[in-house]
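Report on the following structure.
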Amino acid sequence: MKKFLLKVSFFAVYAFLLQVVFPIMIDPYNVFHTEHIRANGVDCNKNYVKMKYILNNPERFDSFVFGSSRVGVIHTEKIPGERAYNMAYTGGLPSEHLANIKTFLKNNIHPVKIYIGVDSVSYMVDPEMHISSQMHCPYEYLADDPYYFFTLYCNPLIAFESLKTILTKKSEVDTDTFYQYGWWYKYNQESKIDWESENVKPTILGILNDKVFRNALNDIKETVRLCRENSIELIIFTNPMHNITYMASVKDCRYFEFLEELSSITEFYNFSSLNDITLSNDCYIETSHYKAEVGDMILNVICSDEIYPELYAQGFGVKVTKDNAEEFISMLKYQLE
Amino acid sequence: MLFNSWQFGIFLPIVFAVYWSIPQRFRCFVILVSSYWFYMSWNIKYVTLILFTTIISFTSAILIERTDNQRTKKFILTSAVIACLGVLFTFKYVNFFSENLVYILNLFTIHLHPITLKLLLPVGISFYTFQTLGYVIDVYRGDTKAEKNFGIYAAFISFFPQLVAGPIERTNNLMPQIKAHHEFNYEQAVYGMKLMTWGFFKKLCIADVLAVYSDRVFNDVYSFKGFALILAAFFFTIQIYCDFSGYSDIARGCSKLFGIELMQNFRSPYFSSSIKEFWSRWHISLSTWFRDYVYIPLGGNRVSRFRHNVNLMITFIVSGLWHGANWTFVIWGSLHGFAQVIENAFMNHNETHGIKRAFRVVCVFVFCMFAWVFFRANNINEALYVFMNMFSGTINTAWFRNGFKYVYMNMRNLMHVSFCLIVLFIWDYLSLKRDIISRITSCRVPALRFAFCIGLISLVILFRTISNAVFVYFQF
């Protein structure tokens, strides 16, 4: 019996070290190090890390910018008169933003303003896919189920993959910017692809599924209602998708139908059309992410009521309401001809 | 509590420690108390049902043994069977039969409303009901003596490793072991730990991973077409095997820690070269139960060919119904029964080798895969939809690629699954002729034995998925 117990203890200790100690120490997604994230070779779970950070610093910010990584270029320090934080995270979806806002309110954080950037990602990606993803699992799911949290992140396989990056120090993270503003794309970012190449492809994430499409719109509707009830000023805007991604979204992903439905729910600022910004490769890092400079232009329109006349005529910066939605979307369709 | 839960991780060592610390005469009591505690962790109300079934079968067996009158014996047996099956019927089948009876009456313009009982199906009820029935029938037949000690009998029925999903143990195997004096056996305990680890690998690293994809499709079947449906059928075929055999391995391994040997429930079933062989390798405890208590009493194969085929069909239909109260299960069982009828009529059951055997193995696997569609589908319409749309679309590389895309399986997950399936394939193939764990354990090179243990534990930890998924067979 002693021999058996010794043997079992030895293997139990090995299993514990491999399963628990090693992954927590390496912590590729920084969920165990939310107050001091490290560069581990993978994108941290920004939903979880940022939410934890805000909940631990409830007085620091009074407005938030939500969206997917495309919104990660918005430099919130440029928003005048607000202590704004960029709450965007990789693959951010309307249901997740809604859950975050509810968590804020439950924890007595009452934002003055909320901005949400949407595009085809918002209604194409099934939120269910994020639940088992270490990078995307929403904060609320993890906070409500500590057992799931530990079993999801005590994953030695991912930790091993991060080891190489950690040991060779190949990755960097600007923690000051992360905690002060939340964005992660700097100005003068160089494009990551060769625009002249024949392999430039649209960035379409997710799969078109009617249930997911409807749920996303319902989540936005619920967000509008929640913000209205809690006197939060909500501003929704469409991300200016690169023309290649925009065309694919329009052709294959019911994008215009999404805009029509969105306009029936709430007014929004439109930046996505065929305009001089979306047609210019210089404004994009690749076919998914526009540059920080474009983000500034979005803020100028939304926060300072600036109009860029030539771009406005092309659909960039137009405030779409129930009254002008039909006409506006007709204009977008006309652009394609 | 699930085997792969932290609660079981605390429960098992405590029971193990107490079991081996106390004198032999109290160990049966430890098994009984821990088993009831285990069962109550699911729902405290369930205990009344298992207690009822235990009391009825215990009393009936004693009365049967005391009586010399054959008619009285038969009467007591029939009453016990009705009582035990009555419980099972009430919780599992009453809604199904009521709806179908009303449907038939409606055809004769007799309009009634079906009875709908909103009862939660108690975990493991099909398993322990059959175990009690097997005991009573064995006593009736004189194959075993009636147990006079209620505590021992209750421990036999409720023995926690096999309580909720089998194997359905036979009296002559498990009861003597519950009563027997056990000395701690190091080799047996080590074997048990290794077997449990392998069971966890199948459950956590294969079954739970594949469940994500197959559930996605089968829970919303009409949103999918083409290769995605084939993938879902394939994944479910592997999922149900790994889920169920994984559970059985954990149950067997756990029992070995207490010096008890449960019967082997699976023997590489997907390497079978005929449906008949498949059922000698799949859920062996259930198939032998049906053979001994349904098929043989009906006459088995010692009757005319026509009657033999009827007996086969009845046995498989009842077996299908045992799995669930839905026509899909009946069809699944019928398909297997029909396949055996065809095999008996046309196939040469002589052992084959080489390419001929490999071809047969593939055919049996494909047949099982298609039959599992009925097993998993929510209803007949969905199952038929799967078959009618499996090959829709133009079959080219995009067709295959889209299949993976629509079930949300990326390259990383595909590689994970493929690696684990290769490990499973190799293990099951090697298991056809040898007991792998015994071979490794008896290996004289300590480094190899050590590497095996470390490798197995590392596999489970590195490749496990995160899931609160219950074992599939718990719903039966």
As an exercise: evaluate B:Asp428 against (1) in a helix (DSSP H, G or I); (2) surrounded by 15 or more Cβ atoms within 10 Å (Cβ to Cβ); (3) at pLDDT below 85 and give the number of the one condition it does not meet. (3)
Restricting attention to the stretch A:205-253, the residues that are open to solvent by 60 Å² or more (accessible area, probe 1.4 Å) and not polar (S, T, N, Q) number exactly 13
Being buried (at least 21 other Cβ atoms within 10 Å of the Cβ), away from chain A (no Cβ under 14 Å) and farther than 24 Å from B:Ser34 by Cβ: is that true of B:Phe218 here? yes
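Have a look at A:Gly91, A:Gly117 and point out the one that is within 30 Å of B:Thr465 (Cβ to Cβ), of a type in the set (Gly, Ala, Ser) and touching a residue at least 12 places away in the same chain (Cβ under 8 Å).
Going through A:Gly91, A:Gly117 in turn, the sole match is A:Gly91.
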Could you go through the stretch A:194-201 and let me know if any residue there is among the aliphatic types (A, V, I, L, M), within 30 Å of A:Lys333 (Cβ to Cβ), more than 14 Å from chain B (Cβ to nearest Cβ) and buried (at least 17 other Cβ atoms within 10 Å of the Cβ). no
Sort out for me the helices (runs of 4 or more DSSP H) sitting completely within the stretch A:113-155 that have 1 or more residues that are open to solvent by less than 10 Å² (accessible area, probe 1.4 Å) and away from chain B (no Cβ under 12 Å). A:120-124
Over the stretch B:96-141, the set of residues in contact with a Lys or Arg (Cβ under 9 Å, 6 or more places away or on another chain) and among the aromatic types (Phe, Trp, Tyr) is B:Tyr135, B:Tyr140
List the residue pairs whose Cβ atoms are under 8 Å apart, where the first residue sits in the stretch B:115-131 and is on the phi < 0 side of the Ramachandran plot, the second is part of a loop (DSSP other than H, G, I, E, B) and among the β-branched types (Val, Ile, Thr), and the two are 6 or more positions apart or on different chains. B:Val123/B:Val164; B:Phe127/B:Val164; B:Phe127/B:Ile168; B:Phe130/B:Ile168; B:Gln131/B:Ile168
Kindly list, by first and then second residue, each pair from a residue in the stretch B:395-408 that is at positive phi to a residue that is part of a helix (DSSP H, G or I) and buried (at least 17 other Cβ atoms within 10 Å of the Cβ), limited to pairs with Cβ atoms under 9 Å and residues at least 6 apart or on different chains. B:Tyr408/A:Met129; B:Tyr408/B:Val212; B:Tyr408/B:Tyr213; B:Tyr408/B:Arg216
How many residues are part of a strand (DSSP E or B) and of a type in the set (A, V, I, L, M) if we restrict to the stretch A:235-278? 2
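Please verify whether A:Leu6 is open to solvent by 50 Å² or more (accessible area, probe 1.4 Å), closer than 30 Å to B:Gln188 by Cβ and within 13 Å of chain B (Cβ to nearest Cβ), treating the condition exactly as stated.
Yes; evaluated as a whole, the condition is true for this residue.
Evaluate the stretch A:281-300: report whether one residue or more is of a type in the set (Val, Ile, Thr) and in contact with a Gly (Cβ under 9 Å, 6 or more places away or on another chain).
The answer is yes; a qualifying residue exists.
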Got a sec? Which helices (runs of 4 or more DSSP H) wholly within the stretch B:221-327 have at least 1 residues that are touching a residue at least 40 places away in the same chain (Cβ under 8 Å) and within 14 Å of chain A (Cβ to nearest Cβ)? B:227-257
Of all residues in the stretch A:9-27 being facing chain B (nearest Cβ under 7 Å) and aromatic (Phe, Trp, Tyr), the one that is nearest to A:Ile37 (Cα to Cα): A:Tyr14
Can you say whether A:Arg214 is charged (D, E, K, R), within 14 Å of another protein chain (Cβ to nearest Cβ) and either assigned to a loop (DSSP other than H, G, I, E, B) or free of Cβ contacts under 8 Å to residues at least 12 places away in the same chain (or both), as far as the supplied structure shows? yes
With respect to B:Lys45, determine if the residue is of a type in the set (D, E, K, R), open to solvent by 70 Å² or more (accessible area, probe 1.4 Å) and modelled with pLDDT of 85 or more. yes
Could you check how many residues of the stretch A:299-331 are assigned to a helix (DSSP H, G or I) and among the polar types (S, T, N, Q)? 3
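In a helix (DSSP H, G or I) and surrounded by 12 or more Cβ atoms within 10 Å (Cβ to Cβ): does that describe B:Ser392? Reasoning before the result, please.
Numbers: in a helix (DSSP H, G or I): no; surrounded by 12 or more Cβ atoms within 10 Å (Cβ to Cβ): yes.
In short, no.
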Among the numbered conditions (1) at pLDDT 85 or above; (2) within 14 Å of another protein chain (Cβ to nearest Cβ), tell me where B:Asn389 comes up short. (2)
Considering residues of the stretch B:431-465 that are assigned to a loop (DSSP other than H, G, I, E, B) and free of Cβ contacts under 8 Å to residues at least 12 places away in the same chain only, the residue surrounded by the fewest Cβ atoms within 10 Å (Cβ to Cβ): B:Arg444
Would the stretch B:228-236 turn up any residue that is buried (at least 23 other Cβ atoms within 10 Å of the Cβ), out of contact with any strand residue (DSSP E or B) (no Cβ under 9 Å at 6 or more places or on another chain), among the aromatic types (Phe, Trp, Tyr) and closer than 17 Å to B:Val417 by Cβ? yes
When A:Asn108 is run through (1) open to solvent by less than 10 Å² (accessible area, probe 1.4 Å); (2) more than 14 Å from every other protein chain (Cβ to nearest Cβ), the failure sits at (1)
Would you check if A:Asn47 is away from chain B (no Cβ under 14 Å) and within 30 Å of A:Phe258 (Cα to Cα)? yes
Within the stretch A:219-234, is there a residue that is outside any helix (DSSP H, G or I) and in contact with a Gly (Cβ under 6 Å, 6 or more places away or on another chain)? no
If B:Ser57 passes every condition in (1) open to solvent by less than 20 Å² (accessible area, probe 1.4 Å); (2) outside any helix (DSSP H, G or I) but one, which one does it miss? (2)
Restricted to the stretch B:19-38, and to residues that are more than 14 Å from B:Gly151 (Cβ to Cβ) and of a type in the set (Phe, Trp, Tyr), which residue is surrounded by the most Cβ atoms within 10 Å (Cβ to Cβ)? B:Phe38
For the stretch B:402-412, which positions are open to solvent by 40 Å² or more (accessible area, probe 1.4 Å) and modelled with pLDDT of 85 or more? B:Phe404
Kindly establish whether A:Asp276 is over 16 Å from A:Phe316 (Cα atoms), surrounded by fewer than 23 Cβ atoms within 10 Å (Cβ to Cβ) and more than 18 Å from the chain's Cα centre (by Cα). no
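The values are calculated or read from the model by the stated rules, or taken from the named source; none is laboratory data. The structure displayed is predicted, hence computed values, not measured ones. For neighbour counting, all protein chains shown are included, and Cβ atoms are generated from backbone atoms with ideal geometry for every residue, glycine included. All accessible areas refer to the heavy atoms of the entire protein, side chains included, with ligands and DNA or RNA removed. Shrake-Rupley method; radii C 1.70, N 1.55, O 1.52, S 1.80 Å.
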